[in-house]
Structures are given as structure tokens and as C-alpha cells.
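In what follows, a single structure is set out as C-alpha cells and then discussed.
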Amino acid sequence: MDDFLIDTGTFQLSQTDFIIRLFVAIGIGAIIGLEREHAAIKEKTESFAGIRTFIMVLVLGFVGSMTFYVLSPWVYFSIILVVGILTGISYWFKATGGDIGTTTDFTVLIGFLLGGLSFLGYITISLMITVVVVVVLSSKPKLHFIIGKITEDELYDFIRYVVVALLVFPFLPDRNFGPNNILNPREIGWVILLTSGLGFIGYLLMKFLGAKRGILLSGIVGGLVSSTAVTWVFAKKSKENDEHSHSCAIAILAASSIMIIRVLVLIFVFNKALFDASWLAFSLVFVAAIGVTVFLYIKQKGSPKIETSFRQNKPLDLQGAILFGVIYTVVLLVVNYANEHLGEKGLIVSSGFAGLSDIDAITISVSKLAGAKLDYSLALKAVLIATISNTLVKMGIGIWAGSIALRKYLYIGYGMIFLTAILVYLWL
């Protein structure tokens, strides 16, 4: 056992830990400094802090934290003051030369604090923060590109969402009422915020990733927005040109695969215990869905390229989210009634009907009731049936609106999904 280099009663540090933490601090400084120096060379600008400077800053933060315990807290505070003054002087000289950017200056201060965290043994936290800092620093060109592409409507919708989330949602009453006290305004508001936020994120992902990035990615990102809408759009494209049927089938099946992931995410958010009981079942269905999608994608080589862009009409559809909240409330009441008065068969039938129009509402409703009002096994069966019925709707849309060739691919793809889902249901 190593002797303690520092042992104050409240803080102990062995020689081995000291060496490990010091090397972590040096490594963090080298990583951040490498990014800053590379950025300065690429932009042909002068930066007061490169690899050597950042290593020294991290070591100073490390040693400074040590002085807090070995010498006096005032020594540490004096070091912080000196670092702040030197950083301020550096910024003043840059600003007088016309460079008013503060990114590197703030990064120096963050680096100093990371050195202190490394000394205290918060290595995992230090590394996590380092990853975030480096990603943000290195993504400057992409961030500028994205910000330049944001429209006034998108910015306005983002502000509206923030206002609703921070000024309306916190004031909703957090109390239960209704049959069996299953309704809660705060929870309903959270559902509306979550679904509208996911739709907004899906819209942005489709705008910056989906268009002209390949049929598979277009289907995956489009599935985050609306797998039903993806099915409708690409089914119509297949009918416009039969040669595109193979590619359109890939987008449709990819979107349906992501729908299964969305179901798992919603279950995880609203009922962790139900997620633990259901992740394996839904993972098997997802593997079947994504497996047949990837197979068709690999077989696609040589197929003609098509326009893969798919856009949601509105960045943030708050009206639609409020309507969803109403649907969710109705489904919650129906599921509760079916479980109490109609038994297992009634709940399964009502879940199947609910899944015909929307999979999210029934998933959240059943997740909220599982454990308290519903058995976990029954809740899992209900969500699985809703998922199957929702997939049937998309298959019907694809067959009705798509080309003859598309139907063949959908029969194969959805056939695999349904077979897996039925086997999983029988296994349950």
C-alpha cells in the first residue's frame, strides 16, 4: 500500500494516484491545446494558447488545487485571480487588434478548472467535460453553417417552444384526478412537450441530414418525424417511376424500423421497469426490421438514384402536439376502462384499435399504467399489438399508394417483421 503524499484527514492522496491524475491533466491539456493550435493554423490567426500553454494551464490547475490542501486555500484563490487577470490582459490585447472572440480565453479558464478536478480524482467527469469542450471547439464551421441556414420561422418556433417549456409548463398543477386518479395536468403537459420537441428535432435532422444524403439515412431520419408520412411520400414516388420502387421500399422499411426504437425510447422515459421487461422483445422485432432493410439496401447497388428529401411542413407543430395531448388523455381513459371492465382481451383489442391511428399515445398511456394498474406482461403485449396494428396501417398505405414492384418488397419486408412479432407475442 502506497504512503499518502497528502493526508489531511478529509483528503488523502497516494503517490500512485498523484501520478495517474497528473498524467490525466497533462493529457487533457494536450488534447485541448492541439485543437486550439490546429484551429489557429487553419484560420491563419495567432492564438496565445497552444499545446504547451494548455498543458501548463492544466498543470497549474492541478498544482493549484494541491496548494488548497498543502498550503492554504488563499494560495489557491490567489492563483485563480492571477489566471483570470492574465486571461483578461490577453483578451484586451486581442480586442485592441480587432479580434473580439473569447472562445480560447474561456477555454483557458475551463482548462484550469479541469486540472483541479483531475487532482481531486474526478477523472471521469474531467474527461467527459473535455470531450464536450473539444467537440464544441472543433465544430465551429459546422455550427456557423447550421446557424446560417436557420430561417426566421424556425427561430421563432424554437423561441415559442422555450417559452412554453419555461413559462407555461412549470405552472401546470401537479395533482391527480379523474377515474382512479390517472390524469395529471403536469404529466399531460410533459407528454405534449416531449412529442413536440421530438418532432422539432426530427425536422432539424431531416433538414440538415436527410436531404440528399442517401435513401437509407433519409428513411431513418424521416422515421423520427413520421414513419406514416415517409410511407406516403415514398409510396407515391414509386408510382411516379417504377424503377424507384426498390429505393422507396428501403426508405419505408427504415422508417418503420425507427418507429420501433421510438417505442422503446418512450417506454424508457415513462416507465423504466416496463423497459427492462420489454427491451428484448422489441429488440428482436427491430433486428428483423432493420435486417431486411439493410439487406435491400445492399441489393440496391445499380438502382437509379432518387431525390431523398422529405420535409415536415412545420418546424414546431404545437397545435398538433396539443391535439396529441387530447388523444393521449382519451387513450389513457380507454385503456384504464378496458383493463378494469373488459379484462385482458378488451385491453388488447383497444390497444390494437388505438395503434391504427397513433403508436405514441398508446405506448405512453400503457407505460404510465404499467405496474400500478396493469401487469407488466399485459402492458408489453398491449404495446406490441399496437405496434403491429400501426405497422399494418403503413403497409396498407404503401400497397395502396405504391407501385406493383413496391408491393413485392413490402410483402417481403413486412412479412419478416410480422412473423417475428407474432413469434415474440406467442413467446410472451
**OP:** Kindly list, by first and then second residue, each pair from a residue in region 121-133 that is within 25 Å of ALA39 (Cα to Cα) to a residue that is of a type in the set (A, V, I, L, M, F, W, C) and open to solvent by 60 Å² or more (accessible area, probe 1.4 Å), limited to pairs with Cβ atoms under 7 Å and residues at least 6 apart or on different chains.
**Re:** THR130/ILE31; VAL133/ILE110
**OP:** Would you please name the residue that is surrounded by the fewest Cβ atoms within 10 Å (Cβ to Cβ), looking only at residues in region 256-279 that are hydrophobic (A, V, I, L, M, F, W, C) and touching a Gly at 6+ places or on another chain (Cβ under 9 Å)?
**Re:** ALA273
Original post:
When residues of region 157-181 are filtered for being closer than 15 Å to ALA321 by Cα and open to solvent by 70 Å² or more (accessible area, probe 1.4 Å), how many remain?
Top reply: 2
Original post:
List, please: which pairs have Cβ atoms under 6 Å, are six or more places apart or on different chains, and start with a residue in region 234-263 that is at positive phi and in a helix (DSSP H, G or I) and end with one that is open to solvent by less than 40 Å² (accessible area, probe 1.4 Å) and at pLDDT 85 or above?
Top reply: none
Original post:
Residues that are under 19 Å from PHE295 (Cβ atoms) and either touching a residue at least 12 places away in the same chain (Cβ under 8 Å) or under 29 Å from the mean Cα position of the chain (by Cα) (or both): which helices (runs of 4 or more DSSP H) entirely in region 342-419 hold 3 or more of them?
Top reply: 376-401
Subject >> Among residues of region 278-295, those that are touching a residue at least 40 places away in the same chain (Cβ under 8 Å) and within 17 Å of LEU266 (Cα to Cα), counted >> reply: 4
**OP:** Give region 1-15 a look and list any residue that's out of contact with any helix residue (DSSP H, G or I) (no Cβ under 7 Å at 6 or more places or on another chain), polar (S, T, N, Q) and more than 17 Å from VAL59 (Cα to Cα), or say none.
**Re:** THR10, GLN12, SER14
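In the list ALA361, ALA370, which residue meets the criterion of being more than 19 Å from ALA277 (Cα to Cα), in contact with a Leu (Cβ under 9 Å, 6 or more places away or on another chain) and crowded, with 24+ Cβ neighbours inside 10 Å?
ALA361
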Subject >> Flag for ILE422 being out of contact with any Pro (no Cβ under 6 Å at 6 or more places or on another chain), in contact (Cβ under 8 Å) with a residue 40 or more places away in the chain and among the hydrophobic types (A, V, I, L, M, F, W, C) >> reply: no
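The values are calculated or read from the model by the stated rules, or taken from the named source; none is laboratory data. Since the model is a prediction, treat every value here as computed from it, not as a measurement. Positions of Cβ are generated from backbone atoms using ideal geometry, with glycine treated the same way; all protein chains shown enter the neighbour counts. Calculation scope for accessible area: heavy atoms of the full protein, side chains included, ligands and nucleic acids excluded. Shrake-Rupley method; radii C 1.70, N 1.55, O 1.52, S 1.80 Å.
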